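Written out below as structure tokens is the structure these notes cover.
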Amino acid sequence: MEEQKIAKNRRQVVFTLADGSELEGEVFLNLYEAHRQGSQKVGELLNGEDAFLPIKTDDGTVHLNVSNILKVITPEDAERHDLMMLGKKYRVRITTLHGDTIDGDIFVDLPQARSRVSDYLNRPERFFRVFVPGHIVYIGARFILEVRD
């Protein structure tokens with residue numbers, strides 16, 4: 001019986017892991033997203049239900065434990081969608097448990113009475129999206145020490 005392959009988009013990303021190491025490779029994204037038009041985004045993959053993600057590297061395929069991914073950097077032009085930039089824009093500085101800081105913009109698209117940075121951060125997401133020049137950074141919520149706005 002011939003094995004069927006599901007067509008996927010590939011996106012080059014850089015991972016920073018819980019131990020501080022970096023891994024560069026390609027993630028596999030669905031061609032269609034159930035909640036909007038277009039292909040799946042890296043953030044949707046990270047905030048999905050899968051506990052392990054296959055990453056294609058120069059040395060073969062690595063299956064990363066999502067709970068040990070500190071941050072993921074992907075090119076903004078390939079990842080950005082207009083819906084990501086709805087709502088109130090805040091400039092933030094995020095400090096991770098490793099002491100790294102990420103300065104960038106977040107967009108809070110919540111009801112006006114609940115549109116603060118704290119409301120955004122208290123959503124049940126595993127990763128939060130931050131826009132930095134030329135890239136989108138997804139930061140694992142469990143690795144965030146503090147956020148200043």
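Structure values in brief
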{"item": "Of the criteria (1) over 15 Å from VAL27 (Cβ atoms); (2) modelled with pLDDT of 95 or more; (3) exposed (fewer than 14 other Cβ atoms within 10 Å of the Cβ), which one VAL92 fails", "result": "(3)"}
{"item": "Some residue of the range 112-122 being outside the structural domain of ASP19 (by TED's automatic domain parsing), surrounded by fewer than 12 Cβ atoms within 10 Å (Cβ to Cβ) and hydroxyl-bearing (Ser, Thr, Tyr)", "result": "yes"}
{"item": "Qualifying residue in the range 30-39 (condition: more than 26 Å from LEU121 (Cα to Cα), at pLDDT below 95 and not in a loop (DSSP other than H, G, I, E, B))", "result": "yes"}
{"item": "Given (1) closer than 21 Å to PRO133 by Cα; (2) in a strand (DSSP E or B), index of the condition ASN9 fails", "result": "(1)"}
{"item": "Out of ASP59, ASP82, ASP100, sole residue that is of a type outside the set (Lys, Arg) and surrounded by 13 or more Cβ atoms within 10 Å (Cβ to Cβ)", "result": "ASP100"}
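The values are calculated or read from the model by the stated rules, or taken from the named source; none is laboratory data. Just so you know, these numbers come straight off a predicted model, no measurement behind them. As a convention, Cβ positions derive from the backbone with ideal geometry for all residues, glycine included, and neighbour counts pool all protein chains shown.
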